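A.B. asks: Below you will find the structure I want to go over with you.
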Amino acid sequence: MHSVLFIVIRRLGLGVLTLFAVSVMIFLSVNMLPGDFAEAILGQGATPEAIAAIREDLGLNKPAVTRYFDWLFGVLTGDFGTSFAQANFSAFAGEATGKGGIGSVAAQLEPRFMNTLFLAMVSALISVPLSLTLGILAALFRNSAYDRAVNIGTLSSISSPEFFLAYVLILFLAVLTPIFPSLSNIYADMSMADRLERTMLPALTLTLVVTAHMMRMTRAAIINLLASPYIEMARLKGISPFRVIVVHALPNALAPIINVIALNLAYLVTGVVVVEVVFVYPGIGQLFVDSVKIRDIPVVQACCLIFAAAYILLNLMADVLSIISNPRLRHPK
Amino acid sequence: MRYQMNRRGVLKAGAATMAATALTPLATAARSEPSRGGDLRMGIAGANTSDSWDGRTHSDSFMIMHGHGCVFDCLTEVTASGELIGELAENWEASPDAKVWTFNLRKDVTFHNGKPFGADDVLESLMMHTAEGAKSAAKPIVSAIQGMEKLTDHQIQLTLAAGNADFPYLMSDYHILMYPAGMVEEAIANGIGTGLYKVENFDPGVRLVCSRVDGHYKDGRAGWFDSVESIAINDASARMNALMTGEVDAVNRVDFKIETLLRANPNIEIFEVTGNQHFTFPMLTNVDPFTDVHVRKALKYAVNRQEMVDKILLGHGKIGNDHPIGPANQYYHSELEQLEYDPDKARFHLKEAGMDSLAIDLSASDAAFPGAVDAAQLYQASAEAAGISINVVQEAADGYWSNVWLKKPWCACYWSGRATEDWMFSTAYELGVPWNDNHWDNQRFQDLLFEGRAELDSDRRREIYHEMQALMSAEGGTIIPMYANYVDANSTKLTHGPDLGNLWQMDGSRIAERWWMA
């Protein structure tokens, strides 16, 4: 078990390094975008004086390196800073916004991130069992009409852009047969049932996007094992094909399946941007889009860090779980 | 002298003008009498996570609508038919030179937290705009006030640095909201105003829920809904979708691409008005060749305005006449001779300028207005026939306002328009102001501008502003090919009075006050 712990620690260390690299890249690329917050927020009112005043207020006139390290030290001490938009408006109002106060990025992100997690959870609860079932059945009845239909269906849904899937779902499930609402405007004081109902269409869209990958990996991993001698032995003993697959093949196929599931869970957290905009879902993706539009660097940075952290952690989890599910990896020679 | 202005009293007398300006499709025959009840649900574009109840920062539709049109009030209000009436002010008087204004405030008005409204609130709310470090968009208006005095608890006197006959109009500006004195910060944080609806829940950039207050001074004339719920939907397709699927009852900024689909839906109405919003091509008249009035005239005749309205606005607009005063203005000169596309006249003026042909650059980007580059290309094609070759320079959208506008000799631009003639002219056409994008130096025009500002006599002002519009149209340095309509849509569950405000979108941004359930 010690080796597992060691791997986790080493991977976490690497993860922190990755996060650092990501933050440098994000900072550079946001800075390379033409225009800055002052110009974006002022629009036609962008007289040189007004731009200079806002840049002065937000410290945008400092060199990029200084700004980056100011921000980095803030993050290391748990302070994600104040979003430019909030800082700018409190400058309008002439009141101070403190660390971690109403205007802080952390306070702004938290409810949005919770919403995104909720959506990811609902999608995962639908898509994981669904794709496992579909995959196992496809392995069981491989090369049958069912197998082909499932493959064609999931592959075409993963090949379509998300917004297209979203509009197809809206057309069929909200307009033609109004089962679900087309707007997913959930908010804090909503009952769980309402919340689930409102989240259903974006969750289904995400399900359509991630199912193909997981389902095909399940199918492939199982079929791969079906040629092994121990499976043949089991079949010779007269065990039913279903039992062969679920009891004998599946446990050994878990490692690659878990890997793919974790990757797709990461996608559920980070890939929601377009889906959230289409369904007006108040999650982190929508906030991200709004912030990029006005070049609100602190918010964009924080969102990117969250996305990167989600990827790193879920990948780590995938590795750990596949080690645990595989005795050979658990006890390396 | 008791002085009550009537915004379009004259225009109303000439009903023909009204018919020409208000494109409202009032086809639905009999409108029901207003009655209380129902919940208004709207999908509104123009919301940001940085939105707050600070009127000084309001610049996008969501807060404009819910600031002065729902939760807060101003001193004065422009009605749907364009008349100026008192909102928190009951009435007002001016000194003959339009310098000293006395406002009598409404009594028995309370803020949503129970605090009674009075003179102190007005003074403190006005001073917010000129406070140290405050970057209020209404600063030019308020800083023109030299002295503020509380006469009684419900009467104030404002002394202006220079006479301004439009001052009560300016007090209807959506930035100048009335806050409770001594608790302005709290009011900004929680949205405590005197409006018809009080804030129940506000998640900036996401959603606002308001409920009707009991017993309001506007009872009987406005505020028919029990509650208002506005969802921020900046994405155009999602917004149209929300209306089509009945998730909301009204949306702003209709997406023209799916207009036919909306029209095909029997439960949806599109309502549109021509306001003051206009698209322009300003030229720096102190830069050659635009210094020559004949070159400017040649360019005025070389543009096919109707074609631009048809192709750029897809018909949702009205041709302009090279002056910035729109149908929502009080002294809009509707009788002014319309500039038409005429390549021969353009050629003639080019000859007068001593040229056989002319080659010039026109800088454009879709940041100037949606379709600006296409509009410049249409201009290029129509000017070709007059021997003018326009080279369309496509500029980057980012930084357009800081690098191109006010800098390049000829470019594309837009104006949302201003409520008063003087405000519009003095924002962009008075010599020496920062946003003057044409540098047009015409002595007569500048003299009239100052005369009109302090003139209280309505007939004389009409003469002045009509002459200014005619001057600009004939010789000015800005091509104004079109006014863009405000196009919004609603479900047939809602209905409204005979007029629709055209100052802003969504019935002058006061849909929550003026509309009711059919």
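A.B. asks: Among the listed residues B:E90, B:E124, B:E77, identify the single one that is in a helix (DSSP H, G or I), modelled with pLDDT of 90 or more and away from chain A (no Cβ under 12 Å). Give the steps one after another, and end with the answer.
C.D. replies: Details: B:E90 fails: in a helix (DSSP H, G or I); B:E77 fails: in a helix (DSSP H, G or I).
It is B:E124.
A.B. asks: Which members of segment B:470-493 meet the condition of being within 18 Å of the chain's Cα centre (by Cα) and charged (D, E, K, R)?
C.D. replies: Matches in segment B:470-493: B:D488 only.
A.B. asks: Ok, one more. Taking B:T245 and the conditions (1) in contact with a helix residue (DSSP H, G or I) (Cβ under 6 Å, 6 or more places away or on another chain); (2) crowded, with 20+ Cβ neighbours inside 10 Å; (3) within 23 Å of A:I179 (Cα to Cα), which numbered condition does it fall short on, given that it satisfies the others?
C.D. replies: (2)
A.B. asks: Among the residues of segment B:425-438, write down those that are more than 14 Å from chain A (Cβ to nearest Cβ) and touching a Pro at 6+ places or on another chain (Cβ under 9 Å).
C.D. replies: Those that are more than 14 Å from chain A (Cβ to nearest Cβ) and touching a Pro at 6+ places or on another chain (Cβ under 9 Å): B:F425, B:S426, B:Y429, B:N438.
A.B. asks: Further, regarding this structure: Pick out, from segment A:97-206, the helices (runs of 4 or more DSSP H) lying fully within it that include 2 or more residues that are within 13 Å of chain B (Cβ to nearest Cβ) and either modelled with pLDDT of 90 or more or out of contact with any Lys or Arg (no Cβ under 6 Å at 6 or more places or on another chain) (or both).
C.D. replies: Counting at least 2 such residues, we get A:105-140, A:162-170.
A.B. asks: Does B:T285 satisfy the criteria of being at pLDDT below 90, over 19 Å from B:M506 (Cα atoms) and more than 14 Å from every other protein chain (Cβ to nearest Cβ)?
C.D. replies: Judged against the criteria, B:T285 is not a match.
A.B. asks: How many residues does segment B:97-113 hold that are touching a Leu at 6+ places or on another chain (Cβ under 7 Å) and over 28 Å from B:R461 (Cβ atoms)?
C.D. replies: Selection size over segment B:97-113: 1.
A.B. asks: Let me ask another. Which numbered condition in (1) crowded, with 19+ Cβ neighbours inside 10 Å; (2) assigned to a helix (DSSP H, G or I); (3) in contact (Cβ under 8 Å) with a residue 24 or more places away in the chain is the only one that B:M63 fails?
C.D. replies: Of everything listed in (1) crowded, with 19+ Cβ neighbours inside 10 Å; (2) assigned to a helix (DSSP H, G or I); (3) in contact (Cβ under 8 Å) with a residue 24 or more places away in the chain, B:M63 misses just condition (3).
A.B. asks: Output the number of the condition that B:G182 fails; it satisfies all remaining conditions of (1) out of contact with any Ser or Thr (no Cβ under 9 Å at 6 or more places or on another chain); (2) away from chain A (no Cβ under 14 Å); (3) at negative phi; (4) in a loop (DSSP other than H, G, I, E, B).
C.D. replies: Looking at each condition in turn, B:G182 falls short on (3).
A.B. asks: Look through A:L268, A:L314 and report the one residue that is without any contact (Cβ under 8 Å) to a residue 60 or more places away in the chain, under 17 Å from A:S123 (Cβ atoms) and touching a helix residue (DSSP H, G or I) at 6+ places or on another chain (Cβ under 8 Å). Give the steps one after another, and end with the answer.
C.D. replies: Numbers: A:L268 fails: without any contact (Cβ under 8 Å) to a residue 60 or more places away in the chain.
Exactly one of A:L268, A:L314 is without any contact (Cβ under 8 Å) to a residue 60 or more places away in the chain, under 17 Å from A:S123 (Cβ atoms) and touching a helix residue (DSSP H, G or I) at 6+ places or on another chain (Cβ under 8 Å), namely A:L314.
A.B. asks: For residues that are within 12 Å of chain A (Cβ to nearest Cβ) and within 25 Å of the chain's Cα centre (by Cα), scanning just segment B:249-281, find the one that is nearest to B:C413 (Cα to Cα).
C.D. replies: Filtering first and then ranking leaves B:T280.
A.B. asks: With respect to B:Y197, determine if the residue is within 14 Å of chain A (Cβ to nearest Cβ) and at pLDDT 95 or above.
C.D. replies: Values: within 14 Å of chain A (Cβ to nearest Cβ): no; at pLDDT 95 or above: yes.
Criteria not met by B:Y197.
A.B. asks: Now, a different point. Tally up the residues in segment B:351-403 that are modelled with pLDDT under 90, under 14 Å from B:T280 (Cα atoms) and out of contact with any helix residue (DSSP H, G or I) (no Cβ under 6 Å at 6 or more places or on another chain), please.
C.D. replies: So the answer is 4.
A.B. asks: List the helices (runs of 4 or more DSSP H) that sit entirely inside segment B:296-396 and contain at least 3 residues that are under 22 Å from B:F256 (Cβ atoms).
C.D. replies: Where helices (runs of 4 or more DSSP H) fall fully within segment B:296-396 and carry at least 3 residues being under 22 Å from B:F256 (Cβ atoms), they are B:305-311, B:372-384.
A.B. asks: Right, something else. Across segment B:179-216, what is the total count of residues that are farther than 22 Å from B:M42 by Cα and of a type in the set (G, A, S)?
C.D. replies: 5
A.B. asks: Taking segment B:397-421, which residues are within 12 Å of chain A (Cβ to nearest Cβ) and part of a helix (DSSP H, G or I)?
C.D. replies: Residues satisfying the conditions are B:Y400, B:W401, B:S402, B:N403.
A.B. asks: Exactly one condition in (1) more than 11 Å from every other protein chain (Cβ to nearest Cβ); (2) among the small types (G, A, S); (3) within 23 Å of the chain's Cα centre (by Cα) is not met by B:A232; state its number.
C.D. replies: (1)
A.B. asks: Follow-up question, since we're still on this one. Residue by residue through segment A:278-295, note down the ones that are in contact (Cβ under 8 Å) with a residue 40 or more places away in the chain and either assigned to a loop (DSSP other than H, G, I, E, B) or under 16 Å from the mean Cα position of the chain (by Cα) (or both).
C.D. replies: A:V280, A:Y281, A:P282, A:G283, A:I284, A:G285, A:Q286, A:L287, A:I294, A:R295
A.B. asks: Give the number of residues within segment B:428-472 that are in a helix (DSSP H, G or I) and not hydrophobic (A, V, I, L, M, F, W, C).
C.D. replies: Counting residues in segment B:428-472 that are in a helix (DSSP H, G or I) and not hydrophobic (A, V, I, L, M, F, W, C) gives 17.
A.B. asks: Among the residues of segment A:234-254, is any of a type in the set (D, E, K, R), in a helix (DSSP H, G or I) and either buried (at least 17 other Cβ atoms within 10 Å of the Cβ) or at pLDDT below 85 (or both)?
C.D. replies: no
A.B. asks: So, A:A64, is that one exposed (fewer than 15 other Cβ atoms within 10 Å of the Cβ), modelled with pLDDT of 75 or more and over 20 Å from A:L287 (Cα atoms) or not?
C.D. replies: Criteria met by A:A64.
The values are calculated or read from the model by the stated rules, or taken from the named source; none is laboratory data. Note that this is a predicted model, so its numbers are computed, not measured. Positions of Cβ are generated from backbone atoms using ideal geometry, with glycine treated the same way; all protein chains shown enter the neighbour counts.
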